[in-house]
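Asker: I have a structure I would like to understand better, so I am pasting it below and will then ask my questions one at a time.
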Amino acid sequence: MQIKETNIKDCYELEPRVFEDQRGYFFESFNQKRYAELTGFMVNFVQDNQSFSTKGVLRGLHYQKGESAQAKLVRVLQGKVLDVAVDIRKDSPTYGNVFKTILSSENYRHLFIPRGCAHGFVTLSDTATFFYKCDNYYDPKAEAGIIYNDANLNIDWEITDSELIISEKDKILPHFKDLVIH
């Protein structure tokens, strides 16, 4: 596994070593010991989530507040997405930074998003199955987010607004400048 730093503190792209032959492929999708060796900190995942989306579905930008904050390890099992992380930790040297990457079933890439970052993705392929591990349990009372088209973040979702499919809940999220982080 190779780990690359991003422009967000403690946010990493992981590229597994893929073994391919006539039978197909194999790779280790996560190894806690190896991850700790490469990054310097241990993470203990307690919940796995999976979603299925069609082309143009935008989910985000979401995060959990306070004691319910979650670190996530995200990847795509089928299809292709543009994945986005935003550092919302006011005390972070990378506060306000946005990181984007393509995750797909073809590149096998993973993204580790630390606690204190908002996360979202948009489906670029006809369909996508998105999988992620969390280091804290989901708490509906701690749910929060940032509007996807915030002018200060200026995220190019690489798909036109007319093609986006967004939940009503995500359409009314606050702007980055209006966040109250606990």
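Derivation of every value follows stated rules applied to the coordinates shown; laboratory data play no part. Note that this is a predicted model, so its numbers are computed, not measured. Here Cβ is always computed from backbone atoms with ideal geometry, including for glycine, and neighbour counts include all displayed protein chains.
Asker: Quick one: how many residues across the stretch 131-151 are assigned to a loop (DSSP other than H, G, I, E, B) and not aromatic (Phe, Trp, Tyr)?
Answerer: Going through the stretch 131-151, the residues assigned to a loop (DSSP other than H, G, I, E, B) turn out to be 135-139, 146-151.
Subsequent filtering for residues that are not aromatic (Phe, Trp, Tyr) retains 135-136, 139, 146-147, 149-151.
Result for the stretch 131-151: 8.
Asker: Where residues in the stretch 4-23 are more than 17 Å from the chain's Cα centre (by Cα), of a type in the set (D, E, K, R) and in a loop (DSSP other than H, G, I, E, B), which of them is nearest to Leu111 (Cα to Cα)?
Answerer: Looking at residues that are more than 17 Å from the chain's Cα centre (by Cα), of a type in the set (D, E, K, R) and in a loop (DSSP other than H, G, I, E, B), I get Arg17.
Asker: Next question. Among (1) loosely packed, with under 11 Cβ neighbours inside 10 Å; (2) among the hydroxyl-bearing types (Ser, Thr, Tyr); (3) in contact with a Phe, Trp or Tyr (Cβ under 8 Å, 6 or more places away or on another chain), where does Tyr148 come up short?
Answerer: (1)
Asker: Applying the selection to the stretch 64-112, what residues are in contact (Cβ under 8 Å) with a residue 12 or more places away in the chain, under 18 Å from Lys9 (Cα atoms), over 10 Å from the mean Cα position of the chain (by Cα) and in a loop (DSSP other than H, G, I, E, B)?
Answerer: Residues satisfying the conditions are Ala69, Gln70, Ile88, Arg89, Lys90, Ser92, Pro93, Thr94, Gly96, Asn97.
Asker: For Ala128, state whether it is touching a residue at least 12 places away in the same chain (Cβ under 8 Å), under 18 Å from Phe176 (Cβ atoms) and not in a loop (DSSP other than H, G, I, E, B).
Answerer: It is false that Ala128 is touching a residue at least 12 places away in the same chain (Cβ under 8 Å), under 18 Å from Phe176 (Cβ atoms) and not in a loop (DSSP other than H, G, I, E, B).
Asker: Give the stretch 36-78 a look and list any residue that's surrounded by 14 or more Cβ atoms within 10 Å (Cβ to Cβ), farther than 24 Å from Leu179 by Cα and among the charged types (D, E, K, R), or say none.
Answerer: Result: Lys55, Arg75.
Asker: Of the conditions (1) outside any loop (DSSP other than H, G, I, E, B); (2) within 17 Å of Cys134 (Cβ to Cβ), Met42 satisfies every one except a single condition; which number is it?
Answerer: Of the numbered conditions (1) outside any loop (DSSP other than H, G, I, E, B); (2) within 17 Å of Cys134 (Cβ to Cβ), the odd one out for Met42 is (1).
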